[in-house]
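Dumping the structure here so I can ask a few things about it.
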Amino acid sequence: MRLAGKVALISGAARGMGAEEARLFAREGAQVVLGDLLDEAGEKVAAEIRQQGGDATYMRLDVTEETAWGEAVKAAESAYGKLDILVNNAGIAGYSKGDDDTIEEFDRFLAVNARGSYLGIRAAIPAMRRAGGGSIVNISSISGLIGQKYVHAGYNASKGAVRIMTKSIALQYAADAIRVNSVHPGPIQTDMTKEAWSDPERLRRTELATPLGRYGKALDVAYAVLFLASDEAAFVTGAELVVDGGFTAQ
Ligand SMILES: NC(=O)c1ccc[n+]([C@@H]2O[C@H](COP(=O)([O-])OP(=O)(O)OC[C@H]3O[C@@H](n4cnc5c(N)ncnc54)[C@H](O)[C@@H]3O)[C@@H](O)[C@H]2O)c1
């Protein structure tokens, strides 16, 4: 019960890492609001959590819309009385097609991954102040730390933005007891990366390039997020936690 008494809002929680974080947080005693665009899948994850004795609510949340964020934070406060934890997990990714990469794609990565996270932070801060403090976990990527030939540069730009704004927000709100950290997953087996891991040759290449010799699982990342969200990380802010099987240690 590492999150007993805590209320969490997780964006992009209908599948992948966000869904795994919602399940883990609920098992650890948190009341969880799941936000996403995939209503059916999101409702299903929340219902599953409730069936297993947890407390969870799904609501539609497009992270690019400021008003939707306001409503999500309000929903958490009215359902559960407060907001302690925000996980900015929603994201979109794309591989590079060389000269065919478009500016529209670049703008979209920035809008969802970077601006979407910033909107979430802005909506959560007043509620966390009312709660007497809080923890914000921003999901960046190893793509926010290193260059990658095969990734759309707009994805790297958006995740680099998430990494560095995490540190500024951490400094700006430390006096309010609001901690802000980033998590940097390496290759994780979810729907987002299905195109890559369902091709045996690309799967093998990634396994060989990863010191621990495998793709990560959503739960590998969820445990790192759990630590940063919990009071166990009470003295951790402005930090970046890499969860990549050793990929960036090389
Ligand atoms: N899978 C990986 O290898 C990997 C590696 C590093 C970082 N990440 C990051 O981890 C996070 C989760 O990725 P995942 O692998 O679980 O991907 P995923 O595609 O399985 O899940 C992402 C979720 O975000 C939601 N989403 C997308 N746009 C949204 C929007 N505008 N508003 C609300 N929700 C939206 C999607 O509907 C989906 O449910 C992302 O930020 C991703 O960039 C993933």
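Ignoring ligands and nucleic acids, what accessible area does Ile103 show with a 1.4 Å probe (Å², nearest 10)?
Near enough 120 Å² of accessible area.
Straight-line reach from Lys82: which lysines have a Cα under 17 Å away, not including same-chain ones fewer than 8 places off?
Hits, sequence-local ones excluded: Lys6, Lys74.
Let me ask something additional. So what J values fall out for the range 182-187 if you push phi through Karplus, 6.51 cos²θ - 1.76 cosθ + 1.60 with θ = phi - 60°, rounded to Hz, Gly and Pro as x?
Whole-Hz 3J(HN,Hα) from phi for the range 182-187: 10, 10, 10, x, x, x.
OK, next. Enter the accessible area of Phe106 (Å², nearest 10), with the probe set to 1.4 Å and all protein chains included.
For Phe106, solvent-accessible area is about 80 Å².
When the convex hull of the Cα atoms of the chain is projected onto a plane and the area is averaged over all directions, what value comes out in nm²?
Answer in nm², one decimal: 12.9.
To the nearest 10 square angstrom, what accessible area does Tyr150 show with a 1.4 Å probe?
Around 120 Å² of this residue is reachable by solvent.
Which trypsin sites (Lys or Arg not before Pro) in the range 34-135 pass both tests, a DSSP loop state and at most 15 other beta-carbon atoms within 10 Å? The partial results should precede the final answer.
Details: sites: Lys44, Arg50, Arg60, Lys74, Lys82, Lys97, Arg108, Arg115, Arg122, Arg129, Arg130; in loops: Lys82, Lys97.
Loop-located and lightly packed - Lys97.
Kirkwood Rh, the range 161-250, all Cα pairs: how many Å?
Details: mean 1/r = 0.0691 Å⁻¹.
Hydrodynamic radius (Kirkwood, Cα only) of the range 161-250 equals 14.5 Å.
May I ask you to list the aspartates and glutamates whose Cα is less than 14 Å away from that of Lys44, ignoring any residue fewer than eight positions away on the same chain?
Output for Lys44: Glu20, Asp36, Asp55.
Further, regarding this structure: Enter the Cα centre distance for the pair the range 179-250 and the range 3-21, rounded to the nearest angstrom.
Result: 16 Å between the Cα centres.
How do Met1, Met128 stack up against each other in accessible area, from largest to smallest, with a 1.4 angstrom probe?
Details: Met1 150, Met128 0 Å².
Largest to smallest exposure gives the sequence Met1, Met128.
Please give me the summed charge of the neighbours of Ala19: other residues whose Cβ is under 11 Å from its Cβ, Lys and Arg +1, Asp and Glu -1. Intermediate values should be presented prior to the final figure.
Working: positive: Arg15, Arg23, Lys44; negative: Glu20, Glu21, Asp36, Glu48, Asp191.
The answer is -2.
Relative contact order, percent, of the chain when contacts are C-alpha pairs under 8 Å separated by at least 6 residues? List each step's numbers first, then the result.
On the way: 513 pairs, mean separation 47.3, N = 250.
Across the chain, relative contact order equals 19 percent.
What relative contact order, as a whole-number percentage, does the range 58-153 give when Cα pairs under 8 Å and 6 or more residues apart are counted? Present the calculation step by step, with values, prior to reporting the outcome.
On the way: 100 pairs, mean separation 40.9, N = 96.
Reported relative contact order: 43 percent.
Here's a follow-up. Please figure out what share of the DSSP beta bridges in the chain is antiparallel and state it in percent, rounded to the nearest 5. Can you show the working numbers first?
Values: 1 of 30 bridges.
Percent antiparallel among DSSP bridges in the chain is about 5.
Right, something else. Note down the net charge around Asn89, summing +1 for each Lys or Arg and -1 for each Asp or Glu among other residues with Cβ under 11 Å from its Cβ.
It works out to a net charge of -2.
Shifting gears a bit: Compute the distance from the alpha-carbon center of the range 77-143 to that of the range 148-164, in whole Å.
14 Å
Ok, one more. For Lys217, Lys159, what's the largest-to-smallest order of accessible area, 1.4 Å probe? Walk me through the numbers on the way to the answer.
Values: Lys217 120, Lys159 10 Å².
Putting Lys217, Lys159 in descending order of accessible area: Lys217, Lys159.
The values are calculated or read from the model by the stated rules, or taken from the named source; none is laboratory data. Keep in mind that what you see is a predicted model, and the values were worked out from it rather than measured. No Cβ is skipped: glycine too gets one built from the backbone with ideal geometry, and neighbour counts run over all protein chains shown. We work out accessible area using only protein heavy atoms, side chains counted, and drop any ligands, DNA or RNA first. Shrake-Rupley method; radii C 1.70, N 1.55, O 1.52, S 1.80 Å.
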